[in-house]
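Nothing in this text is a laboratory measurement; each read-out follows from the coordinates by a stated rule. The model shown is predicted, which means the values in this text are computed figures rather than measured ones.
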Amino acid sequence: MAIILGKYFDDFTQGEKLVTLGRTITETDIVNFSGFSGDFNPLHTDAEFAATQTFKGRIAHGMCGFSIATGLLIRLNIFEGTILAFFGIENWRFAAPIMIGDTIHVVATVAEKKETKKPDRGLVFLDLEVINQKNKLTMGGRMLTMVLKKPA
């Protein structure tokens, strides 16, 4: 079986928009994230406590939402076999909570491309917006990736 490669550095175009499918956030997502992160804050794990707080219910961890968003990007197959590194995030903001039952998707815009010192790779900067089913921004910022260039 042949491996279908993702996009090379050369294939990304500044201003290009990539839109993912949606994914509904479940209680299981939050429980699993609590378990492997060790973050058992009652805003995420205690329904009675969370009901008395600002959002009136349990919310997904901010980094749980971020992790799911990156997974949605991976499902686009843009990085399969071409990404070398997740290089960082910049200016990430959490604008609204992600509640159990919310469905999120990602809109990624290619903001910038930069050459590196190594001729076989480059940096691709994606501006991400994580949007819920009400078309409301839940979080966003810039994700930096290091991607292979097309072989000569």
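Remark: relative contact order (segment 22-140) = 26 percent; criterion is Cα-Cα distance under 8 angstrom and separation of 6 or more residues.
3J(HN,Hα) along segment 24-30: 8, 7, 10, 4, 4, 4, 5 Hz, from the Karplus curve 6.51 cos²θ - 1.76 cosθ + 1.60 with θ = phi - 60°, whole Hz, x for Gly and Pro.
Cross-link partners for Lys117 among the lysines, with Cα-Cα distance under 21 Å and sequence neighbours closer than 8 places in the same chain left out: Lys7, Lys149, Lys150.
Under 23 Å of direct C-alpha separation, and excluding same-chain neighbours fewer than eight residues apart, Lys56 reaches these lysines: Lys134, Lys136. Across segment 80-89, coupling constants 3J(HN,Hα) worked out from phi with the 6.51/-1.76/1.60 Karplus curve, θ = phi - 60°, read 4, x, 10, 7, 9, 6, 7, 8, x, 10 Hz, and Gly and Pro carry x.
For Glu80, the amide hydrogen comes within under 5 Å of the amide hydrogens of Gly6, Lys7, counting only partners 5 or more places away or on other chains and with H modelled in the peptide plane. Using the Karplus relation 6.51 cos²θ - 1.76 cosθ + 1.60 with θ = phi - 60°, the per-residue 3J(HN,Hα) values for segment 100-110 come to 4, x, 5, 10, 10, 9, 10, 10, 10, 10, 5 Hz, with x marking Gly and Pro.
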